[in-house]
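In what follows, a single structure is set out as structure tokens and then discussed.
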Amino acid sequence: MSVQFTILGSGSSGNCAFVEAGETRVLIDAGLSGRQIRKRLLSIGRTPEKLDGILITHEHSDHVQGLTGLAATLQLPIYCNRATREAIERQLKLRLDFRLFTTGDTFEIGGLAVDTFSVPHDAYDPVGFLVRTEAGNIGFLTDLGHATRLVVERLQSANALLLESNYDLKLLQDDLRRPWSVKQRIASRHGHLSNLAAGHVLEQLLSDQLRHLYLGHLSSDCNRPDLARQTAGDILEKNGAKHVRVEVASQEAPCETLRL
């Protein structure tokens with residue numbers, strides 16, 4: 001079975017990824033506009049009409065805003081837990097085709113098996129995913145203030161990993177536009193991972209199986225791609241993990257498609 005993985009966009013303004021395994025095609029989050037999702041899918045030779053569903057990690061707008069112009073129009077199945085569904089319905093006021101899972105469960109969509117697990121973030125019931133296929137496993141870990149033991153255990157078998165590297169601590173502290181209360185929320189244990197915290201998570205997940213690392217959800221004004229890459233690179237060098245390929249995901253354009 002051929003497997004393709006493309007991060008269509010990732011950052012503080014919107015997050016969306018595409019996974020294809022055989023004839024099964026899904027999005028992980030839909031935080032770009034419906035127009036942008038369509039445009040970026042077309043750039044890799046795919047269309048929204050051929051999607052089998054959208055998996056949602058949590059209800060924040062940078063993960064669900066595209067549902068309005070995409071899922072509602074095409075009546076695509078939305079896979080999420082009950083608390084996330086209720087939050088989306090309150091926010092978007094749409095009638096969508098929800099397929100509910102219980103956090104911690106595994107469910108199947110065509111050629112995909114999806115493991116779900118709880119993550120600590122300031123949302124109603126946020127989750128991470130490990131998408132398992134015959135060719136390899138892809139982990140999705142964004143929007144969390146710290147990695148619990150459960151998170152690390154669930155992602156041990158990932159061959160490719162999208163890992164949040166949201167902010168550089170000094171840039172966040174020096175930011176003049178954010179009030180102190182917002183900075184505290186971002187840096188809290190239910191906020192986001194700094195570059196350094198992401199490096200600590202990476203160190204726990206290093207194995208011979210992990211081959212592809214994508215750093216995502218970078219803040220546009222409290223981080224820089226070179227800083228995120230350097231921190232991850234230092235961890236890989238320290239642990240002799242030369243086999244891991246690192247790419248920093250962009251808000252503006254899709255990453256190169258990974259074929260497992």
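The values are calculated or read from the model by the stated rules, or taken from the named source; none is laboratory data. These numbers come from a predicted model, not from an experiment. In this analysis, Cβ positions are derived from the backbone assuming ideal geometry, glycine residues included, and neighbour counts consider all displayed protein chains.
Here segment 131-156 is the region considered, the condition is being touching a strand residue (DSSP E or B) at 6+ places or on another chain (Cβ under 7 Å) and β-branched (Val, Ile, Thr), and the residue that is farthest from Leu27 (Cα to Cα) is Val151.
Residues that are over 17 Å from His146 (Cα atoms) and in contact with a helix residue (DSSP H, G or I) (Cβ under 8 Å, 6 or more places away or on another chain) within segment 173-192 comprise Gln173, Asp175, Arg178, listed in sequence order. Remark: Thr57 falls outside the filter, which requires a residue to be modelled with pLDDT under 95 and either in contact with a helix residue (DSSP H, G or I) (Cβ under 6 Å, 6 or more places away or on another chain) or not basic (Lys, Arg) (or both).
In the set Leu213, Leu218, only one residue is within 15 Å of the chain's Cα centre (by Cα) and within 17 Å of His63 (Cα to Cα); that residue is Leu218.
Only residues that are at pLDDT 95 or above and either more than 19 Å from Gly11 (Cβ to Cβ) or surrounded by fewer than 13 Cβ atoms within 10 Å (Cβ to Cβ) (or both) were counted across segment 173-195, and they come to 9. If you check Ser43, Ser2 for being hydroxyl-bearing (Ser, Thr, Tyr) and at pLDDT below 95, only one passes: Ser2. For segment 111-128, residues that are at pLDDT 95 or above and out of contact with any helix residue (DSSP H, G or I) (no Cβ under 9 Å at 6 or more places or on another chain) total 4.
In summary, helices (runs of 4 or more DSSP H) completely within segment 1-108 and bearing 1 or more residues that are over 16 Å from the mean Cα position of the chain (by Cα) and either without any contact (Cβ under 8 Å) to a residue 60 or more places away in the chain or farther than 30 Å from Asp221 by Cα (or both) occur at 34-43, 71-74, 82-92.
Residues that are hydrophobic (A, V, I, L, M, F, W, C) and free of Cβ contacts under 8 Å to residues at least 40 places away in the same chain within segment 155-186 comprise Leu169, Leu176, Trp180, Val182, Ile186, listed in sequence order. For segment 236-252, a tally of residues being of a type in the set (A, V, I, L, M, F, W, C) and farther than 17 Å from Gln204 by Cβ returns 2. Which ones in segment 99-123 are out of contact with any Ser or Thr (no Cβ under 8 Å at 6 or more places or on another chain) and surrounded by 19 or more Cβ atoms within 10 Å (Cβ to Cβ)? Once the filter is applied, which keeps residues that are out of contact with any Ser or Thr (no Cβ under 8 Å at 6 or more places or on another chain) and surrounded by 19 or more Cβ atoms within 10 Å (Cβ to Cβ), segment 99-123 yields only His121. For segment 38-67, filtering for residues that are surrounded by 18 or more Cβ atoms within 10 Å (Cβ to Cβ), within 22 Å of Asp125 (Cβ to Cβ) and not aliphatic (A, V, I, L, M) leaves 9.
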